[in-house]
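In what follows, a single structure is set out as structure tokens and then discussed.
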Amino acid sequence: MAIADEEGLTAVSMRRIAARLGTGTTSLYRYVAKKDDVLELMVDEVMGELRGTVLTGDWRADLRTIARLLRETALRHPWLPALSSGRSNHGPNSLWWTELCLSVFDGMDLSTDEMLAGLGTLSAFVLGRVLGELGDQEAARRSGLSHEQWMEQQGEYGPAIVNSGLYPRFSRVIIEAETPHAADRQERAFEAGLERVLDGLAAHLPARR
């Protein structure tokens, strides 16, 4: 995990792990059969960071909590989205987290597939937003420009785009949008998108008295 956090997932190899531990590479195979086993253990270890999460019983508030925790965790471990967006992990921490998330729908008279669709939609939104944030961080690293510097540079093209008359909808974005310029733009965009996801999930809940 430390290697992946510091250098990215591609830096993780059995040789690098052995060197970090101060042992021989072949000795690692007494504990794991292959590198994929290590990757699964890494994901499960990260999910263990979420133990202690307590839900309130209010489905909407609880899904907000789950979404925010997933975002914070994925931003701490930028390699997590790539590993957790595929097949389910059945390690003890991952199973505990899945069980907790499913408990949000207790008493709602939803089918198992409906519960999975709800959690899958929420997870897809969170991981998609995180990938966008990580991409922005990587772009800043490559270019050497902060977001503010990049926006200032792009602003040179604004008048030409607006005056062309070819892009009236995007011109409105240039003139009116506030979020792209805000210091907390990532949080604003995340919270706005999250509320829309929750509104969509609410539309599929059984009618209540």
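The values are calculated or read from the model by the stated rules, or taken from the named source; none is laboratory data. Remember, it's a predicted structure, so these values are computed and weren't measured experimentally. Heads up, the Cβs are rebuilt from the backbone with ideal geometry, glycines too, and the neighbour counts pull from every protein chain shown. Surface accessibility is based on the protein's heavy atoms, side chains included, excluding ligands, DNA and RNA. Shrake-Rupley method; radii C 1.70, N 1.55, O 1.52, S 1.80 Å.
Using the Cα centre of the chain as origin and beta-carbon charges of +1 (Lys, Arg) and -1 (Asp, Glu), tell me which of LEU134, LEU83, VAL32 is placed farthest towards the positive end of the dipole. Among LEU134, LEU83, VAL32, the one farthest towards the positive end of the dipole of the chain is VAL32.
Over the chain, what percent of the accessible surface lies on carbon and sulfur atoms, probe 1.4 Å? Here it works out to 54 percent. Working note: Cα gyration tensor of the range 36-127, eigenvalues times five, square-rooted, sorted largest first, giving semi-axes of 22, 14, 13 Å.
What dipole magnitude, in Debye to the nearest 20, does the range 99-163 give about its Cα centre under +1 on Lys/Arg Cβ and -1 on Asp/Glu Cβ?
Details: 3 positive and 11 negative charges, 70 e Å.
With only Lys, Arg, Asp and Glu charged at Cβ, the dipole is about 340 debye.
Between GLU7 and TYR31, the simple spin-label model (points 7 angstrom out along Cα→Cβ) gives 1.8 nm.
Within the full protein context, the accessible area of ARG188 is estimated at about 110 Å² for a probe radius of 1.4 Å. If you bin all the Cα-Cα distances of the chain at 5 Å, starting from zero, the percentages per bin are 1, 6, 11, 14, 14, 13, 11, 10, 9, 6, 3, 1, 0, 0. For GLU191, GLU176, the ranking by accessible surface with the largest value first comes to GLU176, GLU191, using a 1.4 Å probe.
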